[in-house]
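In what follows, a structure is listed as structure tokens, so that the remarks can point back to it.
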Amino acid sequence: MRLPEPPLLCLVTDRRRCAGRPLDDVVDAAVFGGVDIVQLREKDMASGPLLELARRLRSVTASRASLFVNDRIDVALASGADGVQLTEHSIPVETARGIVGDSLLIGRSVHGVGAALDASRAGADMLVFGTVFATASHPNEPPSGVGPLAELSRHDVAPFLGIGGITAENVGEVVETGASGAAVITAITESPNPEEAARAMKQTMMDAWTPARFAEGALA
């Protein structure tokens, strides 16, 4: 099992921030617009409803996008998801790998370069680094800016995505650091047109990706 090809656009779900629309419909439109990974993150849902939602999103994303389930290895396995996204307070990456083997990709959310390097060495397949820009969803977390992403890109690490306050206007800055992509919530879920919001963001990422990779090749 492998991640899609970068640059990667990840949609992190929040069913309460979909402007009154069903989450399934928002995800479907976003994937059609270019979302590569959907991370199911509904922390307040009980196990049964969460599994039911995961299975519905698996149907929506099947053959179109990768599906990661936040923290819940059991739900990820039972729903046929592609991966599990561990938080910094979850079980260690090594422990998760011992449970899932090669049946799931393992993502890890991190908030510092040191934590990112540790998670990568432990075998994480993907890192989600934040908070990059100020965001209403985490008002107490000071934004790091793109500097740590640029620092992280100088190391041999797993693919990493920036998260936190990322929009179509600033996502190019994230990709230009050498990050493999970005993870977003409200920039897509609260948009009047999630499909077009995803498409615009993905195009900006693609435009930033080509010069970034060319520059790397030129330096090789």
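The values are calculated or read from the model by the stated rules, or taken from the named source; none is laboratory data. Bear in mind the structure is a predicted one, so any value in this text is a computation, not a measurement. Neighbour counts run over all protein chains shown; Cβ positions are idealised from the backbone, glycine included. The area values use the complete protein model at the heavy-atom level, side chains included, leaving out ligands, DNA and RNA. Shrake-Rupley method; radii C 1.70, N 1.55, O 1.52, S 1.80 Å.
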Number of the exception - S79 against (1) in contact (Cβ under 8 Å) with a residue 24 or more places away in the chain; (2) more than 27 Å from T186 (Cα to Cα): (2)
Residue under evaluation G164, criteria (1) closer than 21 Å to L3 by Cβ; (2) open to solvent by 50 Å² or more (accessible area, probe 1.4 Å), criterion not met: (2)
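Each row is one residue, and each column tells you yes or no for (1) in contact (Cβ under 8 Å) with a residue 24 or more places away in the chain; (2) more than 29 Å from S191 (Cβ to Cβ); (3) out of contact with any Pro (no Cβ under 9 Å at 6 or more places or on another chain).
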{"site": "A122", "(1), (2), (3)": "yes, yes, no"}
{"site": "D125", "(1), (2), (3)": "yes, no, no"}
{"site": "T131", "(1), (2), (3)": "yes, no, no"}
{"site": "T135", "(1), (2), (3)": "yes, no, no"}
{"site": "E141", "(1), (2), (3)": "yes, no, yes"}
{"site": "V146", "(1), (2), (3)": "yes, no, yes"}
{"site": "L152", "(1), (2), (3)": "yes, no, yes"}
{"site": "V157", "(1), (2), (3)": "yes, yes, yes"}
{"site": "G165", "(1), (2), (3)": "yes, no, no"}
Scan the stretch 82-98 residue by residue and report those that are open to solvent by 20 Å² or more (accessible area, probe 1.4 Å) and among the β-branched types (V, I, T). T87, I91, T95
Scan E88, E52 and give me the residue that is acidic (D, E) and assigned to a loop (DSSP other than H, G, I, E, B). E88
Whether any residue in the stretch 32-43 is open to solvent by less than 20 Å² (accessible area, probe 1.4 Å), assigned to a helix (DSSP H, G or I) and touching a residue at least 60 places away in the same chain (Cβ under 8 Å) is what I want to check. yes
Note on the stretch 44-75: residues more than 16 Å from L8 (Cα to Cα), among the charged types (D, E, K, R) and in contact (Cβ under 8 Å) with a residue 12 or more places away in the chain are R55, R56, R58, D71, R72, D74
Residue by residue through the stretch 1-23, note down the ones that are in contact (Cβ under 8 Å) with a residue 12 or more places away in the chain and closer than 15 Å to T186 by Cα. L9, C10, L11, V12, T13, D14, R15, R17, C18, A19, L23
If a residue has to be under 19 Å from the mean Cα position of the chain (by Cα), of a type outside the set (S, T, Y) and assigned to a helix (DSSP H, G or I) to count, how many in the stretch 98-120 make the cut? 6
If you scan the stretch 167-185, which residues turn out to be part of a loop (DSSP other than H, G, I, E, B) and either open to solvent by less than 30 Å² (accessible area, probe 1.4 Å) or not hydroxyl-bearing (S, T, Y) (or both)? A168, E169, N170, T177, G178, A179, S180, I185
Which of the following residues is more than 17 Å from V128 (Cβ to Cβ) and buried (at least 20 other Cβ atoms within 10 Å of the Cβ): A208, A197? A197
Restricting attention to the stretch 23-31, does a residue exist that is open to solvent by 20 Å² or more (accessible area, probe 1.4 Å) and farther than 20 Å from T167 by Cα? yes
Return the residues of the stretch 134-152 that are surrounded by 18 or more Cβ atoms within 10 Å (Cβ to Cβ) and modelled with pLDDT under 95; say none if nothing qualifies. T135, S144
